[in-house]
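Everything on this sheet refers to the single structure shown next.
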Amino acid sequence: MELLVTVQIAGEDVPAGRLFQNVRNGAETASFSYSEAYLAHPGAFALSPDMPLSRGSFHSEGLRDLRAFEDCMPDRWGRNLLMRAERNEALRERRAARSLFECDMLAGVGDETRQGAVRIWGPDGLRALAPSNQGVPREVSVLQLLEEADLAATDMDADVRDLVAAGSSLGGARPKASVRGERGALCIAKFPKVDESAIDDVCAWERVSLQLMERAGIVVPASRLLRVSGRSVLLLERFDRIGDTRVPYLSGLSAIQGNDGGRYSYLDLVEFLEEEGAAPDDDIPELWKRALFTCAIGNTDNHMRNQGLLRDVNGWRLSPAFDVNPSKGDQSKYLASAVGFDDARADPSTCLEVCEYYRVSARAAKRVARDMALVLSDWQKAASSNGISKASIDAMASCFESGIDRLRTL
Ligand SMILES: Nc1ncnc2c1ncn2[C@@H]1O[C@H](COP(=O)(O)OP(=O)(O)OP(=O)(O)O)[C@@H](O)[C@H]1O
Ligand SMILES: [Mg+2]
């Protein structure tokens with residue numbers, strides 16, 4: 001299979017190169033090379049650090065060493081949908097289901113909702129692959145999509161075509177779909193899992209985190225919480241779109257050339273921002289603030305795919321923060337990504353120990369911590385205003401109260 005790859009630079013789809021897939025004896029290899037025209041383009045940039053701007057081909061088993069593609073293809077949720085859709089179609093057509101390789105996953109997700117600014121076309125460049133013929137559903141479809149996601153989780157034979165059209169391109173593991181918000185903006189609707197206990201109310205707590213982060217001066221996407229049949233659905237405006245224009249996106253994992261499941265530190269991202277960042281003086285202290293917030297609320301699932309970067313003309317900037325969630329309890333908690341060199345405790349004191357590496361003085365760090373404690377002390381009000389139940393608030397109390405105490409004692 002041969003695919004044309006374009007990347008949108010300042011709203012224009014610029015041909016970047018060609019991707020070739022080869023499958024032999026059930027094993028997939030892929031290679032990509034930039035076009036001469038792209039290399040000569042004044043706005044050209046390396047799509048990911050493992051694909052530096054140069055002549056010649058980059059080779060990979062699957063797509064794992066072509067990380068720019070990994071960032072615009074489905075993750076666990078979307079992959080599962082694509083495989084289910086293929087299985088259902090094969091059953092209908094009475095044939096064996098095809099194995100879906102990485103390049104099939106890449107080409108198989110909807111163009112309109114694809115993450116970032118990379119787009120995948122047929123070899124003639126005339127047709128964006130997997131165009132959605134229905135368009136992105138409007139916000140009013142959320143109930144229907146949520147019901148379909150519930151059904152998909154419980155019934156292997158469920159029809160997942162609507163979900164594939166709406167949501168397969170999105171990363172992450174939790175159920176979700178793309179929708180157009182009230183004013184037409186492209187949004188991600190994050191759904192509760194079908195078996196989620198009401199006391200967990202994960203999406204509502206994520207919304208509380210976003211609001212508290214914003215009050216603490218951390219950049220976050222615009223969001224709203226919807227109540228759908230009594231359950232919380234979080235609507236997030238896509239930060240990789242400005243109107244219809246696409247903004248290049250790179251995951252933190254790709255930026256540091258890491259692999260899923262690997263143990264990394266935010267300091268690896270600091271190094272990337274120092275080398276490739278457009279505004280390291282702003283973004284590195286911002287990253288520290290996010291790390292402090294993460295420790296304070298026990299946001300333990302802070303793996304490097306939960307950090308992102310957006311392309312500016314001069315380099316990469318931190319994307320708004322996302323997928324930040326409190327975790328119950330006041331026990332010691334451990335982060336997926338450490339703030340310091342290897343101490344992965346989710347404890348604000350670990351942030352203070354390394355603040356200078358983040359261009360934050362100890363004095364400024366203590367001030368930020370005090371201000372953050374003040375913002376967090378409003379957590380209960382924020383939770384109630386999002387309709388979170390008393391039982392759920394009680395279950396989360398020791399998380400927030402212990403976090404606030406730890407911030408205050410810095
Ligand atoms: N507001 C946004 N705008 C654009 N892209 C976003 C936005 N929020 C999240 N993303 C992208 O979508 C992906 C999935 O979102 P998110 O991390 O919130 O989902 P998740 O299913 O909770 O993830 P996980 O598997 O880490 O639990 C992210 O990795 C990021 O690339
Ligand atoms: Mg995530």
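Bear in mind these aren't lab numbers, they're just calculated from the coordinates by the rules spelled out. Since the structure is predicted, the reported quantities are computational estimates derived from the model, not experimental observations. Note that we place each Cβ from the backbone using ideal geometry, even for glycine, and neighbour counts take in every protein chain shown.
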* Asked: To the nearest 500 deg cm²/dmol, what mean residue ellipticity at 222 nm is calculated for the chain from DSSP H runs of n ≥ 4 alone, each contributing -39,500 (n - 2.57), summed and divided by the residues?
  -> -10500 deg cm²/dmol
* Asked: Taking θ as phi - 60°, what are the ³J(HN,Hα) couplings along the stretch 307-315 by the Karplus curve (6.51, -1.76, 1.60), each to the nearest whole Hz, with x for Gly and Pro?
  -> 10, x, 10, 10, 7, 10, 4, 9, x
* Asked: For F20, F272, F293, what's the fewest-to-most ordering of other Cβ within 10 Å of each Cβ?
  -> F20, F272, F293
* To do: Can you tell me how much longer the chain between R55 and E237 gets when fully stretched, taken as 0.36 nm per residue apart minus their C-alpha distance, in nm with one decimal?
  => 61.8 nm
* Can you sort I242, I297, I404 so the residue with the fewest Cβ neighbours within 10 Å comes first? -> I242, I404, I297
* Structure fact -> Counting sequence-distant residues (5 or more places) and residues on other chains, those with an amide H built under 5 Å from that of S232 are none
* Structure fact -> Note on the chain: alpha-carbon gyration tensor, axes a ≥ b ≥ c; rule is a/c under 1.5 for rounded, else prolate if a/b larger than b/c, else oblate; result oblate
* To do: Starting from the Cα gyration tensor of the stretch 1-120, take the square roots of the eigenvalues, sort them a ≥ b ≥ c, and report rounded, prolate or oblate (rounded when a/c is under 1.5, otherwise prolate if a/b is larger than b/c, else oblate).
  => prolate
* Considering the dipole of the chain built from charges on the beta carbon (Lys and Arg +1, Asp and Glu -1) around the Cα centre, which of C399, P280, L335 is farthest to its positive end? -> C399
* Could you point to the residue in M372, L310, N80 farthest towards the positive end of the chain's charge dipole, with +1 and -1 charges on the Cβ of Lys/Arg and Asp/Glu respectively? => M372
* With each pseudo-label sitting 7 Å past Cα toward Cβ, what's the L151-A185 distance in nm, one decimal? -> 3.1
* Where the centre of each part is set by its Cα atoms, how far does the stretch 187-240 sit from the stretch 70-102, in angstrom? -> 28
* Asked: Between D282 and D371, what length comes free when the chain is fully extended (0.36 nm per residue of separation minus the Cα-Cα distance, one decimal in nm)?
  -> 30.2 nm
* To do: Between I199 and E356, with labels modelled 7 Å along Cα→Cβ, what's the label distance in nm to one decimal, could you check?
  => 4.6
* To do: Give the long-range amide H neighbours of E28: residues separated by 5 or more places, or on another chain, with amide H under 5 Å away, using H modelled in the peptide plane at 1.01 Å from N.
  => G62
* To do: Arrange Y334, Y266 by Cβ neighbour counts within 10 Å, fewest through most, would you?
  => Y334, Y266
* Extension gain S389-R408, at 0.36 nm per residue separation less the Cα-Cα distance, in nm? -> 4.1 nm
* Mind checking the dipole of the stretch 143-228: about its Cα centre, +1 per Lys or Arg Cβ, -1 per Asp or Glu Cβ, Debye to the nearest 20? -> 600
